Structures are given as structure tokens and as C-alpha cells.
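The values are calculated or read from the model by the stated rules, or taken from the named source; none is laboratory data. Since the model is a prediction, treat every value here as computed from it, not as a measurement. Glycine also receives a Cβ, built like all others from the backbone with ideal geometry; neighbour counts cover every protein chain displayed.
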Amino acid sequence: MRIFITGGTGLVGTRLIQQLRQRGDTVLALSRRANAGPQLDLDCELIQGDPTQPGDWQGRAAECDAIVNLAGEAIVGKRWNDQVKAVLRESRVKATENCVAAIARQPRRSDGSGKVLVNASAIGYYGGRGDEDLDEDSTSGGDFQSGLCVDWEKAALPAKDAGARLVLIRIGVVMAREGGALTKMLLPFKLCMGGPIGSGKQWLSWIHREDLLGMILLALDNPNANGPMNGTAPQPVTNKEFGKALGRALGRPAFMWTPGFMLKLVMGEGAEMVLTGQKVLPKRAQRWGYSFRFPELDGALTDILKKN
């Protein structure tokens, strides 16, 4: 396949390019930085452009058999104000609209089959729901992040109307050694200052990066894959359980409690995402035949941290 990737220089995109090239796919990756390819040793054709803006890159994307849209400004690590919220929305919704416009130019492959759009979304779609089991048929929540995800997914729907196959991957907390949430948690634990956040009872729906990549490949290859798919491991854990597992993996204690009000002082409204959480289950990925390499947190952390 010829596959066009936005967000190809990020934590998930760089490893996805490697896997696609290893199996023989041709990859074109969009980047704002002309020198990103050599810096990251990307084995692909790098197309310079901004996914939030229409441009010549859409013509190159239209020539491909599939688009994997991973574009989106990081949502964690900053205090949400009106300006930040606008950037979060534009980086997701506008980028998706532009990818859909590219697909609409040529929605079918040379053999007449429909092209594929694999579009990122997030488990924030469901909002904070306590201990409720959430699968792809569950309704959306009512907070800012839920509304953002709903709009993000709506922006992708016209691709389906144009004749392309559409998969919306609602991604959980991605675990990888090279970046993401886990790297932010490592230092406190290494300093013996790690532990639960808030009540510790809130659910954390995580996924090893290799399993997320496996789901993306499933979405590209399986003609039965359509609509939302939760990008999470089958065994979510509470925040307290996660802290204990990370402490075990590092050989460090996990008793330092971070009060919720302190997180709110730093993150503002964005703290609710961490303090409420969601118990999300990958029902459709399993139905479509995906077999997890790392279904349990202990095994995932052992695999990731052994590379340290």
C-alpha cells in the first residue's frame, strides 16, 4: 500500500513508519519541519506542510491508498484556557477536515476498492464515568474533552460518505519508553516520590505502543474494520494499581499521594481528565481478531523499562 501519515514524527508515528516500511509499504509523512526526516532517521518520503492548512500536500495524500491521521496538539501538560482549547480543537478538527478533503479527491484505489482513513480520536470521548464499563457503543460525555472528540470524529465522517472506509481509533494512555505519559511519571518514582493521584480509584485505560500500532495495522488491513475502535488494553487499572505496578517494575515504593487540588492548581480544568478517568474496553478490536501482545500492565511495563 501507499500510505500517507500525518503526525508521523510523533511517538506513535515514527514507530508506525518503521513497521510499515518493514512490511513493504510505501510511506509518505507530512511534517512542518523540512529536516525532520534525517533527524529522526525516517525511512519514508517526507512532505513538508501543515495539516491544519490546505496545501499541495493534499494532492500527494490523494494519490495514496490510505491516510493515517495522527495529527493533534498534545493535550496533557498545559493549563487549559480559551487559547489552548482553540489550538487543541484546530489541530484536530482542521487537520481531519483537510485529510478528508484529500480523500474526497480520489476516494477509490486503482482496483476500484475504497481507500482507508484511519483517524485518531481519544477515550476522552466518554468523559468521566466512574466504574462504568465503556465500549465503542457507549455514549459520549459532556465535558470539554468529550465535545472535542465528538467534533473530531464528526469531521472524519464525510470520508465515509465519499466511499472510503473509516476507522476512528479512540486512543488511551500510550505507554512507551521514548516519550508520552510514562516518561513524565518515571522521575518521581525513581526519587521514591511516586504514588496515587487524587483518590487513586479513578480508572486508567492504557495501551502499550506496540499494541496500538498493531491496531492501526488491523484498521488498515481488515475490510471489516469500520467506525470507532477503542485503542486500549483489555485490562484497565485504577490509578492506585498503576502506581503499585510501576513501583514494582522500578523497584521503588509507591506511597506518595498527590492531592487532587494540587493537580488542579497546575492544570486547571485539564486536571479533571486525570482525576476522573475512564474504564475503557477494546471490544471491537477483539471482535475483529486482534490478539494483544501486552494485555496486562505488569508485562507491558517490564517490556518497556527493560530497554532503559
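Exactly one of (1) more than 18 Å from I169 (Cβ to Cβ); (2) of a type in the set (K, R); (3) within 15 Å of the chain's Cα centre (by Cα) is unmet by R92. Its number?
So the condition that R92 fails would be (1).
Please work out if I67 is in contact with a strand residue (DSSP E or B) (Cβ under 6 Å, 6 or more places away or on another chain), part of a helix (DSSP H, G or I) and surrounded by 19 or more Cβ atoms within 10 Å (Cβ to Cβ). Step through it out loud before you land on a result.
Details: in contact with a strand residue (DSSP E or B) (Cβ under 6 Å, 6 or more places away or on another chain): yes; part of a helix (DSSP H, G or I): no; surrounded by 19 or more Cβ atoms within 10 Å (Cβ to Cβ): yes.
No; evaluated as a whole, the condition is false for this residue.
Could you tell me which residue of segment 272-301 is farthest from the chain's Cα centre (by Cα), considering only residues that are modelled with pLDDT under 95 and among the polar types (S, T, N, Q)?
Here the answer is T276.
Per-residue answers, yes or no, for (1) modelled with pLDDT under 95; (2) touching a helix residue (DSSP H, G or I) at 6+ places or on another chain (Cβ under 8 Å):
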position	(1), (2)
I5	no, yes
R32	yes, no
L40	yes, yes
G59	no, yes
A62	no, yes
I67	no, yes
L70	no, yes
N81	yes, yes
L88	yes, yes
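Please specify each residue of segment 105-151 satisfying the condition of being β-branched (V, I, T) and either in a loop (DSSP other than H, G, I, E, B) or free of Cβ contacts under 8 Å to residues at least 40 places away in the same chain (or both). Spell out the reasoning first.
The initial filter retains those residues of segment 105-151 that are β-branched (V, I, T), namely 116, 118, 123, 139, 150.
Passing the criteria: T139, V150.
Out of the residues in segment 168-217 that are among the aromatic types (F, W, Y) and over 13 Å from the mean Cα position of the chain (by Cα), which is nearest to K244 (Cα to Cα)?
Here the residue is F189.
Could you please give the count of residues in segment 161-190 that are of a type in the set (K, R) and either free of Cβ contacts under 8 Å to residues at least 24 places away in the same chain or not in a helix (DSSP H, G or I) (or both)?
Of all residues in segment 161-190, those of a type in the set (K, R) come to 165, 170, 177, 184, 190.
So of that shortlist, the ones also either free of Cβ contacts under 8 Å to residues at least 24 places away in the same chain or not in a helix (DSSP H, G or I) (or both) come out as 165, 170, 177.
Summing the residues that are of a type in the set (K, R) and either free of Cβ contacts under 8 Å to residues at least 24 places away in the same chain or not in a helix (DSSP H, G or I) (or both) in segment 161-190 gives 3.
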